[in-house]
Amino acid sequence: MSRFSKLYVEHKCPECKLKENFNIQFQYGELENHHYKLGSRVKWGENNKGKEDFQQVIVDGMGTCSLCKAVPGFILNITNNIISKVTLATSNSEAFEESGYTIL
């Protein structure tokens, strides 16, 4: 049983400023090492975090740049169980609940 799922997305690294294919780990949906890309539907099953009926959620994620080894934070937007957007977390980013996700 895994404790994370992974989102694969190309994004500019905030440290080295180069585009990189990030493997962003996050905890939402079924935590069984599922692999996602933007536009994927979140899977649900036995080992869940969150609830399938939440319509709009932001989720805390982290990824490592394979080029410079920076570990930036990311914010995943999930709308009706679809991973719709990913942005870099900043010091001005919305605070997350202890659960690692926030219902909007």
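None of the figures in this text is laboratory data; all of them are computed from the coordinates on show. As the structure is a prediction and not an experimental result, all values here were calculated from the model.
Here are some notes:
- In Hz, Karplus ³J(HN,Hα) per residue of region 14-21 (6.51, -1.76, 1.60; θ = phi - 60°; x = Gly, Pro): x, 8, 8, 6, 9, 6, 9, 8
- Set of lysines with alpha-carbon distance to Lys69 below 25 Å, sequence-local pairs under 8 removed: Lys6, Lys12, Lys17, Lys19, Lys37, Lys85
- Here the Karplus curve 6.51 cos²θ - 1.76 cosθ + 1.60, taken at θ = phi - 60°, turns the phi angles of region 54-64 into couplings of 5, 7, 9, 9, 10, 10, 6, x, 9, x, 10 Hz, with x standing for Gly and Pro.
- Amide H contacts under 5 Å for Glu20: His11, Lys12, Cys13, restricted to partners 5 or more places along the chain or on a different chain, H placed in the peptide plane at 1.01 Å from N.
- Structure-derived semi-axes √(5λ) of the Cα gyration tensor in Å: which label, when the choices are (i) 22, 15, 12; (ii) 21, 15, 11; (iii) 30, 18, 12: (i)
- Amide H contacts of Lys43 (H built 1.01 Å from N, in plane; Pro and chain starts excluded): Glu30 sit under 5 Å, all sequence-distant by 5 or more or on other chains.
- Extended-chain gain in nm, criterion 0.36 nm per residue less alpha-carbon gap, Thr87 and Phe4: 28.0 nm
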